[in-house]
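The values are calculated or read from the model by the stated rules, or taken from the named source; none is laboratory data. Computed from a prediction, not measured in an experiment: that's the story for all the values here. Quick reminder, even Gly has a Cβ in these numbers, built from the backbone with ideal geometry, and neighbours come from all protein chains shown.
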Amino acid sequence: MKKLNFLSKRLIEAVIFLALFFAIFGYLAHEMSMNNMLNTIMTTAHDLLLNTVLYIMGITVLTGALGKLLTEFGVVRLIEVILRPLMKPLYNLPGVAALGAVLTFLSDNPAIISLSKEKNFSQYFKKYQIVSLTNFGTAFGMGLVVIAFMAGKGFGTGAVIGLIGSFVGSIVSTRMMQYFTLKHNPELREDVAVGGNEQEISFKSEGGAFLRGLNAILDGGKSGVEIGLAIIPGVLIISTFVMILTFGPSADGTYTGSAYEGVALLPYLAGKINFVFEWLFGFTNPELVAFPITSLGAVGAALGLIPRFIQEGLIDNNAIAVFTAMGMCWSGFLSTHTAMLDSMGYRKLTSKAILSHFIGGLTAGIVAHWAYVAIAAIAGF
């Protein structure tokens, strides 16, 4: 009986999947023609690979090397000491949590998980605080890469303001996750988290400064290559699909199968309520909603949209501030939260973590926009 129920569920899933698949691509083929649709998909993915992915990979290699150098020579520890007093009043976390923020900022979301499994780190936390590290760490994931990418495109001011928004969003997300965790699991309030590896968290290394520096650069660059390779599927698949839904036909209104053509469905839908996005985020073009939508699944894929937005003349420092804030804060959390919480043993709290982080990301974007408005008014730019 159980086997029959399982097979029936799988059959229903298959039918629903096929219905959605043919509905989506049937619509695209109807609007663009099958030949143009396929050519656009392939040429867009190819252009993204050559002109965006390799550019991002260059950044991840450089920032990976920088992050490893900062770790090797004690700068990460220094930053942790400086930030430690802020952890309790802002995040209701022990001071050592600052180390998690710095490490995820220099690398990616999963860094907080390996850190949380270290007993020398987790012993300072109550269990509900350990659970909230999923939201706390994710809010800073790939932060250095995002900021370096935006600054490299000439929008350094917007990127720095976006960092402020992401900081506020991280507070909202972490605090909300702690509230939801205690509401549904009050027994976690007093329990001290235990477990993890018995080894100490240590950045000690041996050898002379030159050799240590050289090894740090090479090891950090290697980790940057791994991150760069990891974002390829997201950029090529998600960004290509989002761009087809974001941009319209060629300049003369026809479809030619060239890269970055599409059906402009997202701007059409967003245009119906664009006054909301304009007030909250300062978006004057409905196409811009594609970035935060893509950031939900992969911030690396969202970065792939930026060059096209620049080419179309759609963005300014305000948009970059919002993009940086929401991109950093969300940083693809929909694709990582489940796995992160599962590895920590709290998969049942996934829905609470997702809701908290979604609200935190929205808050980050709103704060970034209004911070930019205030700073621009004061500074006169």
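Table for the structure above
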item	result
Residue within the stretch 302-310 that is under 20 Å from the mean Cα position of the chain (by Cα) and among the basic types (Lys, Arg) present	yes
Residues of the stretch 249-295 satisfying the condition of being modelled with pLDDT of 90 or more, small (Gly, Ala, Ser) and surrounded by fewer than 18 Cβ atoms within 10 Å (Cβ to Cβ)	Gly257, Ser258
Any hit, the stretch 64-82, residues being within 30 Å of Gly262 (Cα to Cα) and buried (at least 18 other Cβ atoms within 10 Å of the Cβ)	no
Residue check for Gly360: within 20 Å of Val160 (Cα to Cα), of a type in the set (Gly, Ala, Ser) and out of contact with any Cys (no Cβ under 7 Å at 6 or more places or on another chain)	no
Test: residue in the stretch 45-61 that is aromatic (Phe, Trp, Tyr) and either crowded, with 17+ Cβ neighbours inside 10 Å or within 30 Å of Ser250 (Cα to Cα) (or both)	yes
Members of the stretch 233-248 that are buried (at least 18 other Cβ atoms within 10 Å of the Cβ) and not in a loop (DSSP other than H, G, I, E, B)	Gly234, Val235, Leu236, Ile238, Ser239, Thr240, Phe241, Val242, Met243, Ile244, Leu245, Thr246
Test result for Ala290, within 30 Å of Ala377 (Cα to Cα) and touching a Ser or Thr at 6+ places or on another chain (Cβ under 7 Å)	yes
All helices (runs of 4 or more DSSP H) inside the stretch 39-111 with 3 or more residues being of a type in the set (Gly, Ala, Ser)	54-72, 97-106
Hey, Asp342 surrounded by fewer than 16 Cβ atoms within 10 Å (Cβ to Cβ) and in contact (Cβ under 8 Å) with a residue 12 or more places away in the chain or not	no
Among the residues listed as Ala14, Ala45, Ala97, Ala29, the single one being touching a Lys or Arg at 6+ places or on another chain (Cβ under 9 Å), modelled with pLDDT of 85 or more and hydrophobic (A, V, I, L, M, F, W, C)	Ala97
Any chance Lys117 is in contact (Cβ under 8 Å) with a residue 12 or more places away in the chain and surrounded by fewer than 21 Cβ atoms within 10 Å (Cβ to Cβ)	yes
Matching residues in the stretch 9-36 - criterion: being touching a helix residue (DSSP H, G or I) at 6+ places or on another chain (Cβ under 6 Å) and free of Cβ contacts under 8 Å to residues at least 40 places away in the same chain	Ala29
Lone qualifier among Arg77, Arg84 - being over 23 Å from the mean Cα position of the chain (by Cα) and in contact (Cβ under 8 Å) with a residue 40 or more places away in the chain	Arg77
Selection status of Ala298, more than 23 Å from Ala148 (Cα to Cα), surrounded by 15 or more Cβ atoms within 10 Å (Cβ to Cβ), touching a helix residue (DSSP H, G or I) at 6+ places or on another chain (Cβ under 9 Å) and modelled with pLDDT under 90	no
First in the stretch 91-113 and at positive phi, second anywhere and assigned to a helix (DSSP H, G or I), Cβ under 9 Å, 6 or more apart	Asn92/Gln129; Asn92/Ser132; Asn92/Thr174; Asn92/Arg175; Asn92/Gln178
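The rows are residues; the columns are (1) surrounded by fewer than 16 Cβ atoms within 10 Å (Cβ to Cβ); (2) in a helix (DSSP H, G or I); (3) at pLDDT 85 or above.
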site: Ser170; (1), (2), (3): no, yes, yes
site: Gln178; (1), (2), (3): no, yes, yes
site: Ser202; (1), (2), (3): yes, no, no
site: Gly220; (1), (2), (3): no, yes, no
